[in-house]
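Engineer: Structure incoming, see below.
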Amino acid sequence: MDELKTFDPSQVSETDLRAQLDADLMPRHVAIIMDGNGRWAAQRGLQRIAGHQEGLRALQDVLEILHELNIPYVTIYAFSQENWNRPKLEIQLLMNLLERYLQEERSLFQKRRVRFRPIGRLHQLPASVYALVSEVAEETRHFTERVLSVALSYGGRAEIIDAIRQIAVEVEMRSLSPSQIDEPLFEQYLSTQGLPDPDLLIRTSGENRISNFLPWQIAYTELYFTKTLWPEFRRAETLYALLDYQKRERRYGRVTQTVSS
Ligand code: FPP
């Protein structure tokens, strides 16, 4: 595990950071746990929803720079299964925000040729949200070069259990034999099926945990933990996190295979 980062935007410029990046060493898949919206709002004496609204602007900023850098796969943790335990009003406001976001961004998905791919136990979402999420997923389904996966009512253990259930049914029906079950086969039953594993996972707000986000998929992922609260995580720190990633050795348990320059 890396130490927790403190990022000071006044010390670096976006141009400098960008100039240091090596286009050949870009991660293909970046996963993000967007944490700290509530604390950001509380620090300013605002309602929690104001933190989520600002968090949405941060998300738009980050997606824009990742797009500019041609990073094809991004997966974000927008709503966890545990988030259902929040006050009803906050859940409702978050769902409204998600609906507004999708309504506003569906044309941007077309323009950028991004597939919107929701993952999680989507049937648990309110009916109108489920309908919109499915619609936008459907209308962007044919884009293959860029994928934005959005985890909604998502839990990593639940995802693994759902995969095991499906496999068990197939074994029971004898369309699959236990000896055929290996890692590549198992991955076909996960919601991230077809995507490479994340190369880099970012978590904001000083929490040094994974919180049930993509536990199978991040087995070899580089982790970037920062004290920055999500609404303040913008373009410059995204570049900084990518640079940090590029400086690390990625050995996959082997003796040496360095990606650092
Ligand atoms: C965690 O902050 C954030 C969330 C539970 C929701 C993430 C949502 C957004 C960034 C809004 C925009 C996203 C979409 C797709 C509509 P927190 O509330 O747990 O913060 P805290 O730990 O400081 O209380």
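The values are calculated or read from the model by the stated rules, or taken from the named source; none is laboratory data. Since we're looking at a predicted model, the values are computed, not measured. Cβ placement follows ideal geometry from the backbone for every residue including glycine, while neighbour counts extend to all protein chains displayed. Areas reflect the complete protein model, heavy atoms only, side chains present, ligands, DNA and RNA absent. Shrake-Rupley method; radii C 1.70, N 1.55, O 1.52, S 1.80 Å.
Engineer: Could you say whether any residue in the stretch 233-241 is within 21 Å of Ser80 (Cβ to Cβ) and either modelled with pLDDT of 95 or more or touching a Phe, Trp or Tyr at 6+ places or on another chain (Cβ under 7 Å) (or both)?
Structural biologist: Start the filter on the stretch 233-241 by keeping residues that are within 21 Å of Ser80 (Cβ to Cβ), which leaves 233.
Next, only the ones that are either modelled with pLDDT of 95 or more or touching a Phe, Trp or Tyr at 6+ places or on another chain (Cβ under 7 Å) (or both) stay: 233.
Among the residues of the stretch 233-241, at least one is within 21 Å of Ser80 (Cβ to Cβ) and either modelled with pLDDT of 95 or more or touching a Phe, Trp or Tyr at 6+ places or on another chain (Cβ under 7 Å) (or both), which makes the answer yes.
Engineer: Which pairs do you get when a residue that is basic (Lys, Arg), found in the stretch 28-46, comes within reach of a residue that is in a helix (DSSP H, G or I), reach meaning Cβ atoms under 8 angstrom, with the pair 6+ apart or on two chains?
Structural biologist: Arg39/Gly51; Arg44/Ala50
Engineer: With Glu54, Glu90, Glu104, Glu99 as the choices, which residue is more than 9 Å from the ligand (Cβ to nearest atom) and either surrounded by fewer than 16 Cβ atoms within 10 Å (Cβ to Cβ) or in a helix (DSSP H, G or I) (or both)?
Structural biologist: Result: Glu104 is the single residue among Glu54, Glu90, Glu104, Glu99 that is more than 9 Å from the ligand (Cβ to nearest atom) and either surrounded by fewer than 16 Cβ atoms within 10 Å (Cβ to Cβ) or in a helix (DSSP H, G or I) (or both).
Engineer: Which of the residues spanning the stretch 196-247 are part of a loop (DSSP other than H, G, I, E, B), of a type in the set (S, T, N, Q) and either under 14 Å from the mean Cα position of the chain (by Cα) or closer than 22 Å to Gly156 by Cα (or both)?
Structural biologist: Thr204, Ser205, Asn208, Ser211, Asn212, Gln217, Thr221
Engineer: Check whether at least one residue in the stretch 127-142 is in contact with a Pro (Cβ under 6 Å, 6 or more places away or on another chain) and either more than 10 Å from the ligand (Cβ to nearest atom) or aliphatic (A, V, I, L, M) (or both), and report yes or no.
Structural biologist: So far as the stretch 127-142 goes, yes, one or more of its residues are in contact with a Pro (Cβ under 6 Å, 6 or more places away or on another chain) and either more than 10 Å from the ligand (Cβ to nearest atom) or aliphatic (A, V, I, L, M) (or both).
Engineer: I've got another one for you. Of (1) over 21 Å from the mean Cα position of the chain (by Cα); (2) crowded, with 18+ Cβ neighbours inside 10 Å, Met26 satisfies all except one. Which?
Structural biologist: Going through (1) over 21 Å from the mean Cα position of the chain (by Cα); (2) crowded, with 18+ Cβ neighbours inside 10 Å one by one, Met26 breaks only (1).
Engineer: Still on this model: Could you check how many residues of the stretch 57-70 are part of a helix (DSSP H, G or I) and either away from the ligand (no atom under 11 Å from the Cβ) or not aliphatic (A, V, I, L, M) (or both)?
Structural biologist: If we filter the stretch 57-70 for residues that are part of a helix (DSSP H, G or I), which is where we start, we get 57-68.
Filter once more, so that each one left must be either away from the ligand (no atom under 11 Å from the Cβ) or not aliphatic (A, V, I, L, M) (or both): 57, 60-61, 64-68.
Residues in the stretch 57-70 being part of a helix (DSSP H, G or I) and either away from the ligand (no atom under 11 Å from the Cβ) or not aliphatic (A, V, I, L, M) (or both): 8 in total.
Engineer: Let me ask something else. For the stretch 19-51, name all the residues that are in a helix (DSSP H, G or I) and touching an Asp or Glu at 6+ places or on another chain (Cβ under 8 Å).
Structural biologist: Scanning the stretch 19-51 gives Asn37, Trp40, Ala41, Arg48, Ile49.
Engineer: Regarding the stretch 85-107, can at least one residue be identified that is touching a strand residue (DSSP E or B) at 6+ places or on another chain (Cβ under 6 Å) and either under 24 Å from Glu207 (Cα atoms) or of a type in the set (D, E, K, R) (or both)?
Structural biologist: No: the stretch 85-107 contains no residue that is touching a strand residue (DSSP E or B) at 6+ places or on another chain (Cβ under 6 Å) and either under 24 Å from Glu207 (Cα atoms) or of a type in the set (D, E, K, R) (or both).
Engineer: Checking the conditions here, which among Gln110, Gln81 is open to solvent by 50 Å² or more (accessible area, probe 1.4 Å) and either touching a residue at least 24 places away in the same chain (Cβ under 8 Å) or within 13 Å of the ligand (Cβ to nearest atom) (or both)? Before you say what the answer is, go through the steps one by one.
Structural biologist: On the way: Gln81 fails: open to solvent by 50 Å² or more (accessible area, probe 1.4 Å).
Testing whether each residue is open to solvent by 50 Å² or more (accessible area, probe 1.4 Å) and either touching a residue at least 24 places away in the same chain (Cβ under 8 Å) or within 13 Å of the ligand (Cβ to nearest atom) (or both) leaves just Gln110.
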